[in-house]
Amino acid sequence: MKPILYSYRRCPYAMRARMALKYAGIEVEHREIELRNKPQAMLLASAKGTVPVLCLDDAVLDQSLDIMHWAIEQSDPDGWKDVDDVIAQAWIEKNDGQFKTLLDQYKYPNRFPELDPEVVLDEALERMLLPMEGSLQGSQYLTGNRLSWVDIAIFPFIRQFSMVDAKQFERLPLPATKRWLAQQLESELFNAVMQKYPVWLD
């Protein structure tokens, strides 16, 4: 029986999990959920109630990074996991911690009326985007000159940030980051995991 993946097309956490599963050649039964009406089967599998959730024969993985790591343990044709773990961990902590908070503040300014959007943008630049730019000016990818799981884990969040205000993003001094982003957006892998599915119902 195929593993079951509960997913939501536009969720960056689900996106990175789908990309890793696709890369590893793992076929799943895709169950597209509706955030306002989560299926009971998913909530029974994972009380956390967030996507992605991957149901295996003997386990349930409900953290996107766990799904990514499980997938590339099964198959890693291009050596995605051959990276310095300390560098990888530092990027993931930066992205999944402070940058994710700033991304939400930037994307939903009406939820954070006490914050100055310009200050939020400056912080996102200082804490994530400019360090990325510096790294990508020295190498093609975040951990060197080969694509790794770290690029895939971070890409959906940078994509989301770039879409909040495309004109503003275009003006930012991030040529290497924009090149890296465009490469991921145009990749066969990304486009393969963005097909639309009807909402799955229990």
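Every number in this text was worked out from the coordinates using simple rules, so none of it is lab data. Given the structure is predicted, the values throughout are model-derived calculations rather than measurements. Positions of Cβ are generated from backbone atoms using ideal geometry, with glycine treated the same way; all protein chains shown enter the neighbour counts.
Rounded to the nearest 0.05, the FRET efficiency derived from the C-beta distance between S187 and L130 at R0 = 30 Å is 0.80. In region 4-78, taking the dipole from charged Cβ atoms about the Cα centre, the farthest positive-side position among M42, L21, C11 is held by C11. The charge dipole of region 1-74, taken about its Cα centre with unit charges on the Cβ atoms of Lys, Arg (+1), Asp and Glu (-1) only, comes to about 420 debye. Overall, the anisotropy analysis places region 1-55 in the oblate class: the square-rooted eigenvalues a ≥ b ≥ c of its C-alpha gyration tensor yield a/c not less than 1.5, with a/b not exceeding b/c. Using just its DSSP H runs of length 4 or more, each adding -39500 (n - 2.57), the chain gives a mean residue ellipticity at 222 nm of -14500 deg cm²/dmol after division by all residues.
Each part gets one Cα centre, and for region 146-190 versus region 51-91 those centres are 20 Å apart. Each label was represented as a point 7 Å from its Cα along the Cα-to-Cβ direction; for I87 and L115 these points are 3.0 nm apart. Note: relative contact order over region 85-187, using C-alpha pairs below 8 Å and six or more positions apart, is 29 percent. With respect to the chain, whose longest principal axis is taken over its alpha-carbon atoms, helix 12-23 is tilted by about 70°. Taking 7 Å steps out from each Cα toward its Cβ at D96 and D122 produces label points 3.0 nm apart.
Shown here: the chain, whose C-alpha atoms stretch 48, 41, 28 Å along the first, second and third principal axes, sorted largest to smallest. For a modelled paramagnetic label at R171, 7 Å from Cα along Cα-to-Cβ, the residues of region 83-120 in reach, with backbone nitrogen under 12 Å, are 118.
The C-alpha atoms of the chain define a longest principal axis, and helix 149-164 lies at about 70 degrees to it.
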